[in-house]
């Protein structure tokens, strides 16, 4: 199994969050109403947050049984 570096994972997560949002937005005809742009912006910001999390390599603490 191939193990990705933190940078590779971060880039992949950014693409996974951002590209589908832009694909749907363009498929709908690039609407510019507040709701459509708000949803697009929220997807981009979510992608940015996940990108930063993955880039820093944060891992949750292990739970003790």
Does segment 22-29 contain at least one residue that is modelled with pLDDT of 90 or more, exposed (fewer than 11 other Cβ atoms within 10 Å of the Cβ) and touching a helix residue (DSSP H, G or I) at 6+ places or on another chain (Cβ under 9 Å)?
yes
Being surrounded by 10 or more Cβ atoms within 10 Å (Cβ to Cβ) and either modelled with pLDDT of 90 or more or not in a helix (DSSP H, G or I) (or both) is true for just one of 15, 55. Which residue is that?
15
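The values are calculated or read from the model by the stated rules, or taken from the named source; none is laboratory data. It should be emphasised that the depicted structure is a prediction, and the values quoted were computed from it without experimental measurement. Note: ideal-geometry Cβ built from the backbone for every residue, glycine included; neighbour counts use all protein chains shown.
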